[in-house]
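Structure, as structure tokens:
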Amino acid sequence: MSSESKKIKIGLEVHCQLTSLKTKLFCNSPSDYREKPPNTNICPVCIGTPGSLPVLNRNALNYATMVASSLNFEIMSHMIFFRKNYFYPDMSKNFQITQYDRAGGVPFAINGYILLNDGRKIRLGRMQLEEDPAKISYDGTIESSSETYVDYNRAGIALIEIVTEPDLESPSDAREFLNKLSSILEHLNVLDLGLEGSVRCDANISHRGGKRVEIKNISSFKEVERALNFEMTRQKSLASKGISVSQETRHWDDVRRITISLRLKEEEQDYRYFPETDLVPVTLSETFIEKINHDMPELPKEREIRFQQEYNHSSEIARVLVKDKYLADYSEKAAKESIAPREVGILLAVNLPPFLNEIGKDLKSLDVAPEHFAELADMISKGEVSRRSAKTIFLEMLKTGQKPRNIFDKKGLDVISDSKSIEDIVTKIFKDNPEAVKDAAKDTKAINFLLGKIMQETQGRVDPSIATKLVKQKLSVQ
Amino acid sequence: MKTPKHPISEKEVSHLAELARLELSGKDVTEMRLHLNKILDYFKMIDEVDTEGISPTYHVFDLVNVLRDDTPHSPESKDLLENVPKKKGRYIKAPRMI
Ligand SMILES: [Zn+2]
């Protein structure tokens, strides 16, 4: 970490929907609102008709406890809900039911943390349970639209809010943090990150002890690093011109990929937080929390250790695999099918990511089964294919979805293993490159040129160690 | 502390109106200020009660953990939408916000 980037302080406010719930947080309206016609999944509670009363979803409480516990939070044994008052049509009641850590409020949990790979602790100040507002759309843009159109399908969906201290020191720290958080939430099965809008993020960033700027409206975890990079560059460039950064809220425009200044009318005190008396307090006993912990699914950290023990993955490979639950599940399926699970890990954690990066796709969208990876790993470990041929097969398999064995048969990529054939090839290369042979006889480093020629001639189908041995033998009798 | 006689200023009334998206004329502001201060004066009577050492009451009942199962009901959107004064298709119309 350079000293320059240490001068950056970043904090995040993460909102995650508990998408595994079947109903909303305070009413029985179904939570599967995506793709539904507007205002379908609504009831008097989530649309805020007078006299309707909210009742807390039991599973939301269970899930939130699982999340808090796995993020090392201290869970409050006695908590209440608060009203956050504001006038905006995304909440027809004119308030949002949330939790609060001031004015006598009690959040769901406090003092959690996530550890980064290098051991730095990112403190999580508080976690709270709250309802999602409705979705608003416009005719054209927010500026040009004469009216707003409200769809309450999303209103009342259960959200957890996680607030970090400003412990992140760079946009890439933020990415690593969000990857860790995502993997934990996915392993808990409380959230499907693949669903559009299931996670959102606000960020605050300050440069060299300057004023803090808030960035709102970052609509996915992938956008966070991009938004922070833009804002960091903007602040640094202002600083280099001697202009001081003003404390403000900016809006992330994910189309133009810039932050724009946003005038907010409300200050914190304008929300006039007060207790939501339509809901009774919640108490969580130690027995309840113990039971939740006891039934907790395997978390990424535990899985990382098990992967090393069970499949002989290196710690680095295991860490890459558990970063993403889909990849971890996939690798586990492949490893179980293979006699060489360690090789499977290398294929998936080392060889696959650069390929995916290049084509701009993810593993899910490829038409390749875990068994394919297992088969290729087996072929490598049995020495049926050289590393170089394995790479050819690997790329072909990812592009076409064909089985490695079929590609291998079609391309004739089997290893040349009989020593007579290899000797013939070596002899031919020696004959064709007399100058290089002379050089190699004087300087062992020049052997590599001859080896390169042999690999070229055989399309990498010779085991390099055998080729090296034969070249050395032949040189010694020259 | 603000003066006990007029806890709310005209400036605060205007700010509240802005937050509540209400358009108030100068006359309205003066009148609203009077009303709001009357209400607050009335509530000031509560301040006279000595609450030293008493923990706040958030709820009048001693109930805790009123929970429901995560079982969906079929939504009742038809009746609800019939009561909506302004619609566009299935969307509920609201005034522009900025
Ligand atoms: Zn509802």
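Would you check if A:Asn85 is in contact with an Asp or Glu (Cβ under 6 Å, 6 or more places away or on another chain) and either modelled with pLDDT of 90 or more or within 16 Å of the ligand (Cβ to nearest atom) (or both)? No: the conditions fail for A:Asn85.
Note on chain B: enclosed helices (runs of 4 or more DSSP H) holding 1 or more residues that are under 30 Å from A:Tyr152 (Cα atoms) are B:10-19, B:77-82. Answer yes or no as to whether A:Thr49 is assigned by TED's automatic domain parsing to the domain that holds A:Tyr152, among the hydroxyl-bearing types (Ser, Thr, Tyr), surrounded by fewer than 23 Cβ atoms within 10 Å (Cβ to Cβ) and within 13 Å of the ligand (Cβ to nearest atom). Criteria met by A:Thr49.
Among the residues that make up region A:147-154, is at least one of them without any contact (Cβ under 8 Å) to a residue 60 or more places away in the chain and out of contact with any helix residue (DSSP H, G or I) (no Cβ under 7 Å at 6 or more places or on another chain)? The answer is yes, given that some residue of region A:147-154 is without any contact (Cβ under 8 Å) to a residue 60 or more places away in the chain and out of contact with any helix residue (DSSP H, G or I) (no Cβ under 7 Å at 6 or more places or on another chain). With respect to (1) in contact (Cβ under 8 Å) with a residue 12 or more places away in the chain; (2) within 26 Å of A:Arg175 (Cβ to Cβ); (3) assigned to a helix (DSSP H, G or I), the lone exception for A:Ile292 is condition (2).
So in region A:135-145, with the set limited to residues that are facing another protein chain (nearest Cβ under 9 Å) and assigned to a strand (DSSP E or B), which one is farthest from the ligand (Cβ to nearest atom)? For region A:135-145, the residue satisfying everything is A:Tyr138. Remark: B:Gly26 falls outside the filter, which requires a residue to be on the phi > 0 side of the Ramachandran plot and either at the interface with chain A (Cβ under 9 Å from one of its Cβ atoms) or at pLDDT 85 or above (or both).
For region A:60-76, the condition holds for at least one residue, the condition being that it is within 16 Å of the ligand (Cβ to nearest atom) and either in contact with a strand residue (DSSP E or B) (Cβ under 9 Å, 6 or more places away or on another chain) or more than 11 Å from every other protein chain (Cβ to nearest Cβ) (or both).
Give me the residue from region A:31-41 that is closer than 19 Å to A:Asn189 by Cβ and not small (Gly, Ala, Ser) and, out of that set, farthest from the ligand (Cβ to nearest atom).
My answer is A:Arg34.
B:Lys87 fulfils the conditions (1) out of contact with any helix residue (DSSP H, G or I) (no Cβ under 9 Å at 6 or more places or on another chain); (2) of a type outside the set (A, V, I, L, M, F, W, C); (3) more than 8 Å from chain A (Cβ to nearest Cβ) except for a single criterion, (1). Residue count for region A:219-229, restricted to those that are at pLDDT 90 or above and crowded, with 20+ Cβ neighbours inside 10 Å: 3.
Right, A:Asp151: within 14 Å of chain B (Cβ to nearest Cβ), acidic (Asp, Glu) and either within 16 Å of the ligand (Cβ to nearest atom) or surrounded by fewer than 20 Cβ atoms within 10 Å (Cβ to Cβ) (or both) or not?
In short, yes.
When restricted to residues that are within 7 Å of chain A (Cβ to nearest Cβ) and more than 14 Å from A:Pro281 (Cα to Cα), region B:46-67 contains 0. Restricting to region A:96-113, name every residue that is more than 17 Å from A:Ala158 (Cβ to Cβ) and either modelled with pLDDT of 95 or more or of a type in the set (Asp, Glu) (or both). A:Asp101, A:Ile110, A:Asn111, A:Gly112, A:Tyr113 - these are the residues of region A:96-113 that are more than 17 Å from A:Ala158 (Cβ to Cβ) and either modelled with pLDDT of 95 or more or of a type in the set (Asp, Glu) (or both). In the set (1) within 28 Å of the chain's Cα centre (by Cα); (2) modelled with pLDDT under 90; (3) of a type in the set (Val, Ile, Thr), A:Val199 fails one condition alone, (2). Please work out if A:Val344 is in contact with a Pro (Cβ under 9 Å, 6 or more places away or on another chain), assigned to a helix (DSSP H, G or I) and among the β-branched types (Val, Ile, Thr). Yes: the conditions hold for A:Val344.
Scanning region A:18-30 for residues that are more than 7 Å from chain B (Cβ to nearest Cβ) and either modelled with pLDDT under 95 or within 7 Å of the ligand (Cβ to nearest atom) (or both), we see that the one that is farthest from the chain's Cα centre (by Cα) is A:Cys27.
Taken over region A:347-384, the residue count meeting the criterion of being in a helix (DSSP H, G or I) and surrounded by 14 or more Cβ atoms within 10 Å (Cβ to Cβ) is 20.
Looking at A:Ile407, A:Ile425, A:Ile416, just one residue is in a helix (DSSP H, G or I), over 28 Å from A:Asn357 (Cα atoms) and in contact with a helix residue (DSSP H, G or I) (Cβ under 9 Å, 6 or more places away or on another chain), and that residue is A:Ile425.
Go through region A:54-80 and give me each residue that's part of a loop (DSSP other than H, G, I, E, B) and in contact with a Cys (Cβ under 9 Å, 6 or more places away or on another chain). Once the filter is applied, which keeps residues that are part of a loop (DSSP other than H, G, I, E, B) and in contact with a Cys (Cβ under 9 Å, 6 or more places away or on another chain), region A:54-80 yields A:Pro54, A:Val55. Only residues that are touching an Asp or Glu at 6+ places or on another chain (Cβ under 9 Å) and closer than 16 Å to A:Lys403 by Cα were counted in region A:352-378, giving 8.
The values are calculated or read from the model by the stated rules, or taken from the named source; none is laboratory data. Not measured: the values here are computed from a predicted model. Positions of Cβ are backbone-derived with ideal geometry, glycine not excepted, and every protein chain shown enters the neighbour counts.
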